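Read through the structure below, which is laid out as structure tokens, and then see the notes.
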Amino acid sequence: MAQPIPTDPGPRAEVVVDLAAVRHNVGLLSRSAAESGAATMVVVKADGYGHGAADVAGAALEAGATWLGVCTLDEALALRAAGIDAPVLSWLHLPGEDFAPAVAAGVDLSVSSLAHLDRVLDGARRAGLPARLHLKVDTGLSRNGSTEDDWPDLVDAAAEAAASGQCEVVAVWSHLAFADVAHHPVTDAQAARLDAAWRLACGRGLRPIRHLANSAATMARPDLHYDLVRPGIAVYGLDPFDRPVAESPLRPAMTLRARVVMVKRVRAGEGVSYGHEFTTTQDTTLALVPLGYGDGVPRRMNFGGRMRVWLAGRSLPVVGRVCMDQVVVDCGPDDEPEVREGDVAVLFGPGDGGGPTAQEWADELGTIHYEVVTGVQARRVTRTVVTGTAGDPA
């Protein structure tokens with residue numbers, strides 16, 4: 001039975017995070033991985049893609065995940081400070097960072113070069129503990145990771161450090177470039193390169209696990225699950241294959257909404273918002289919603305005049321330019337049912353009943369839904385966490 005999110009959001013504007021949706025998505029993903037014999041690492045970088053890293057991590061671990069993944073050392077240590085003791089991997093580091101606190105906190109660290117390895121081992125010596133390493137090989141994305149030419153030297157150095165007790169080589173891993181195209185030939189080539197890199201590590205006496213699959217590969221390529229999968233965007237209910245919400249097994253976890261601060265009647269022929277890009281063609285009712293580009297609503301979102309909100313049980317158009325703090329909604333000449341000050345306008349959410357979704361925003365903006373949800377600015381938008389059964393936020 002769906003549990004409706006309360007109609008009155010309290011704050012002027014808020015992002016509602018439905019942890020029941022997170023648990024649903026992680027359960028689906030982790031069951032798929034388990035069928036292949038793989039564990040599940042849920043990626044909670046960028047503050048859980050804007051959903052709240054600690055809250056998402058807790059829900060994910062309840063739902064079957066056993067690992068967590070982040071980008072920075074600060075993100076990893078924040079999870080530890082929140083009382084989360086599950087394995088955490090951090091993978092993108094600055095040259096001068098101090099790795100001792102992360103090693104002391106039991107954070108797994110990705111290493112991509114000899115210089116990187118030396119800095120991590122220095123941190124391990126100062127922490128008085130062995131570092132847990134995931135050696136990253138660049139299999140074709142050309143971002144982070146050791147090149148094939150440098151890989152043997154990195155593995156040799158890591159194996160030597162492991163033999164002396166300075167580290168444990170936990171994994172060999174990489175990241176996919178074309179996973180959202182299920183059977184792209186580059187994906188197969190990357191898998192072959194990872195296999196070769198892993199075999200070389202095993203030949204040096206190491207016994208690392210392998211991990212490669214992101215959200216898309218977790219859902220569509222069970223042959224690439226290996227020992228561990230790393231879903232990110234799918235955890236938050238956003239489909240890696242850009243399928244409409246109604247066609248996806250995932251449930252979006254984020255709803256962006258705000259209360260109407262003003263309602264007024266205006267006459268035909270009145271310009272609306274900066275530059276009067278929209279002029280009323282008839283007497284109509286306008287509602288002012290206090291969310292704008294200062295909160296993460298891109299100014300270009302309504303350049304084509306196609307932005308809509310869910311308000312008073314209707315899909316209503318935003319008219320005129322998106323401003324820093326507000327948008328204007330045309331409620332129509334009859335305004336039935338009537339829109340009142342304090343009513344809740346949903347800018348995007350799970351799409352139940354026809355409301356707008358983050359995927360629709362991404363389509364309108366020519367971008368990806370990752371950018372939409374991580375772009376919500378927390379400075380003025382309150383985050384409300386809902387822990388019950390996934391329901392309709394409208």
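The values are calculated or read from the model by the stated rules, or taken from the named source; none is laboratory data. Keep in mind that this is a model prediction, so the values were computed, not measured. Counting neighbours? That spans all protein chains shown, and the Cβs are built from the backbone with ideal geometry, glycine included.
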Criterion (within 13 Å of Pro231 (Cβ to Cβ), assigned to a helix (DSSP H, G or I) and touching a residue at least 24 places away in the same chain (Cβ under 8 Å)) met by exactly one of Val56, Val42: Val56
Top-ranked residue of segment 211-241 - restricted to ones that are part of a loop (DSSP other than H, G, I, E, B) and among the aliphatic types (A, V, I, L, M), ranked as surrounded by the most Cβ atoms within 10 Å (Cβ to Cβ): Ala213
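Can you name every residue in segment 300-313 that is surrounded by 16 or more Cβ atoms within 10 Å (Cβ to Cβ) and either in a strand (DSSP E or B) or without any contact (Cβ under 8 Å) to a residue 40 or more places away in the chain (or both)?
Step one: filter segment 300-313 for residues surrounded by 16 or more Cβ atoms within 10 Å (Cβ to Cβ), giving 301-302, 307-312.
Selection gives Asn302, Arg308, Val309, Trp310, Leu311, Ala312.
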Residue match in segment 150-161 (condition: of a type in the set (A, V, I, L, M) and either over 21 Å from Arg207 (Cα atoms) or in contact (Cβ under 8 Å) with a residue 60 or more places away in the chain (or both)): no
Single residue of segment 287-314 satisfying the filter (in contact with a Lys or Arg (Cβ under 6 Å, 6 or more places away or on another chain) and not charged (D, E, K, R)) that is nearest to Glu338 (Cα to Cα): Pro290
Subset of segment 179-218 [of a type in the set (A, V, I, L, M, F, W, C) and more than 22 Å from Thr40 (Cβ to Cβ)]: Val181, Val186, Ala189, Ala192, Ala196, Ala197, Leu200, Ala201, Cys202, Leu206
Residue satisfying all of: in segment 120-131; out of contact with any Asp or Glu (no Cβ under 7 Å at 6 or more places or on another chain) and under 17 Å from Leu89 (Cα atoms); surrounded by the fewest Cβ atoms within 10 Å (Cβ to Cβ) among these: Leu129
Residue count for segment 242-299, restricted to those that are loosely packed, with under 14 Cβ neighbours inside 10 Å, among the hydroxyl-bearing types (Ser, Thr, Tyr) and part of a loop (DSSP other than H, G, I, E, B): 1
Complete set of residues in segment 131-154 that are in contact with a helix residue (DSSP H, G or I) (Cβ under 6 Å, 6 or more places away or on another chain), assigned to a loop (DSSP other than H, G, I, E, B) and either of a type outside the set (Ser, Thr, Tyr) or not assigned by TED's automatic domain parsing to the domain that holds Cys71 (or both): Gly140
Output for segment 101-116, where each listed residue is of a type in the set (A, V, I, L, M) and over 23 Å from Met41 (Cα atoms): Leu114, Ala115
Test: Ala378 is within 20 Å of Ala13 (Cβ to Cβ), in a loop (DSSP other than H, G, I, E, B) and within 24 Å of the chain's Cα centre (by Cα): yes
Among the candidates Arg80, Arg126, residue that is within 20 Å of the chain's Cα centre (by Cα) and of a type in the set (Lys, Arg): Arg80
Residue, nearest to Arg23 (Cα to Cα), within segment 350-370, restricted to residues that are at pLDDT 90 or above and loosely packed, with under 15 Cβ neighbours inside 10 Å: Thr367
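Yes/no matrix, rows are residues, columns are (1) within 27 Å of Ala39 (Cα to Cα); (2) part of a loop (DSSP other than H, G, I, E, B); (3) of a type in the set (Gly, Ala, Ser):
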residue: Ala78; (1), (2), (3): yes, no, yes
residue: Asp85; (1), (2), (3): yes, yes, no
residue: His93; (1), (2), (3): yes, yes, no
residue: Gly96; (1), (2), (3): no, yes, yes
residue: Ala102; (1), (2), (3): yes, no, yes
residue: Ala115; (1), (2), (3): no, no, yes
residue: Asp118; (1), (2), (3): no, no, no
residue: Gly123; (1), (2), (3): no, no, yes
residue: Arg126; (1), (2), (3): no, no, no
In segment 102-112, the residues that are surrounded by 17 or more Cβ atoms within 10 Å (Cβ to Cβ), out of contact with any Phe, Trp or Tyr (no Cβ under 6 Å at 6 or more places or on another chain) and either more than 14 Å from Val70 (Cα to Cα) or not charged (D, E, K, R) (or both): Ala102, Val103, Ala105, Val107, Leu109, Val111, Ser112
Among the residues listed as Thr147, Thr187, the single one being without any contact (Cβ under 8 Å) to a residue 12 or more places away in the chain and polar (S, T, N, Q): Thr147
Residues of segment 59-76 that turn out to be assigned to a helix (DSSP H, G or I) and more than 29 Å from Gly37 (Cβ to Cβ), as a count: 2
Exclusive hit being at pLDDT 95 or above, in the same structural domain as Glu371 (by TED's automatic domain parsing) and over 17 Å from Ile368 (Cα atoms), set Leu228, Leu347, Leu316: Leu316
